[in-house]
Amino acid sequence: MSDLMKVSSNPHIRSKDSTSRIMLAVIIALLPTTIFGIYNFGIRALLIVAITIASTVLTEFVFEKITKRKNTIGDLSAVVTGLLLALNLPVSVPWWIGAVGGIFAILVVKMLFGGLGQNFMNPALGARCFLLISFAPIMTNFICDAYTGATPLAAVKAGENVNVLDMVIGRTSGTIGETSMLCIVLGACLLIWLEIIDLRIPATYIISFVVFMVLFGGHGLDRYYISSQLAGGGLMLGAFFMATDYVTRPVTKKGQYIYGIFLGLLTGIFRVCSASAEGVSYAIILGNLLVPLIERFTLPKAFGKGGERA
């Protein structure tokens with residue numbers, strides 16, 4: 001009998017996409033900002049990237065061997081987690097920071113909750129927040145051979161002038177993968193073209209953030225200030241590559257808009273009201289925690305239970 005004649009439980013969705021294909025596309029999309037980060041900060045950035053990816057892959061492999069679970073290394077999700085975590089680290093961190101973060105991301109955030117598809121927050125950002133809390137002086141030190149001053153966002157928060165063009169290109173200090181807005185957007189365009197992601201969450205996130213900064217940032221419609229806020233920090237990397245994570249974002253379209261608005265407002269609150277100039281990581285993590293609540297109120301009702309007939 002043909003497989004098409006067999007009836008299984010829902011959802012009845014057939015697609016040529018696979019987890020490994022999607023993850024490979026994300027890795028390719030992250031290559032421009034990764035390569036630029038290595039060019040911008042030097043060979044040490046490559047070392048941090050390699051160690052962090054190795055720690056995530058090895059942790060998942062060892063955990064599955066010990067627990068005798070099905071091997072999932074081939075789906076490349078551990079590679080994506082390691083790469084995203086590395087891109088969120090300053091190049092000045094000791095090599096073991098990447099290893100500790102990689103182990104925490106896979107072991108605590110992902111595997112202990114059931115593996116890919118069961119984690120309640122983005123593993124890379126969960127690990128970064130863990131590192132920020134545990135090793136704050138190390139994780140907030142952006143001084144390196146290439147740059148010795150404060151990050152552009154910190155300079156803007158202190159009332160100093162910054163070069164927005166340098167921020168767009170990436171000739172600034174920051175984490176390995178957040179400096180070049182141009183490279184991040186280039187990779188995001190690839191994901192959009194491949195229909196891996198769409199603009200619902202990123203666009204809603206960015207627009208709501210801009211609206212908040214115009215209203216409460218203290219600079220009104222100052223284009224220079226808004227441009228520096230958009231190009232600086234992890235906003236673009238977070239909006240396109242982490243807020244769109246399939247597992248930790250809402251599944252409903254209405255929920256995705258609400259989620260994007262929440263992220264934009266929360267990022268604005270962190271940047272304007274907190275002592276830190278950044279806030280993307282904490283905003284997305286808090287957004288992940290609210291996803292079940294968002295979905296509870298945005299899931300459509302089934303026909304016969306108050307829902308409309310399609």
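Could you pull out the residue among A146, A158 that is open to solvent by 40 Å² or more (accessible area, probe 1.4 Å), in contact with a helix residue (DSSP H, G or I) (Cβ under 7 Å, 6 or more places away or on another chain) and modelled with pLDDT under 90?
None of the others qualify; the one that does is A146.
Which residue pairs have Cβ atoms under 8 Å apart, sit 6 or more places apart or on different chains, and have a first residue in the stretch 164-190 that is closer than 25 Å to I53 by Cα and a second that is charged (D, E, K, R) and modelled with pLDDT under 95?
What qualifies is T172/D166; T179/R171; I184/E178.
Among the residues of the stretch 26-53, which ones are surrounded by fewer than 18 Cβ atoms within 10 Å (Cβ to Cβ) and farther than 23 Å from F142 by Cα?
Within the stretch 26-53, I27, I28 meet the criteria.
Could you tell me whether any residue of the stretch 241-259 is out of contact with any Ser or Thr (no Cβ under 8 Å at 6 or more places or on another chain) and farther than 28 Å from L186 by Cα?
Within the stretch 241-259 (the criterion being out of contact with any Ser or Thr (no Cβ under 8 Å at 6 or more places or on another chain) and farther than 28 Å from L186 by Cα), the answer is no, since none of the residues qualifies.
Is it fair to say P90 is touching a residue at least 12 places away in the same chain (Cβ under 8 Å) and touching a Cys at 6+ places or on another chain (Cβ under 9 Å)?
Here the answer is yes, as P90 does meet what is asked.
Report yes if G82 is part of a helix (DSSP H, G or I), open to solvent by 40 Å² or more (accessible area, probe 1.4 Å) and of a type outside the set (S, T, Y), otherwise no.
Answer is no for this residue.
Across the stretch 95-125, which residue is nearest to F241 (Cα to Cα) among those that are open to solvent by 10 Å² or more (accessible area, probe 1.4 Å) and among the small types (G, A, S)?
Among residues in the stretch 95-125 that are open to solvent by 10 Å² or more (accessible area, probe 1.4 Å) and among the small types (G, A, S), the one nearest to F241 (Cα to Cα) is G117.
The values are calculated or read from the model by the stated rules, or taken from the named source; none is laboratory data. Because the structure is a prediction, the values reported are computed rather than measured. Using ideal geometry, Cβ is built from the backbone for each residue, glycine included, and neighbour counts are taken over all protein chains shown. Areas reflect the complete protein model, heavy atoms only, side chains present, ligands, DNA and RNA absent. Shrake-Rupley method; radii C 1.70, N 1.55, O 1.52, S 1.80 Å.
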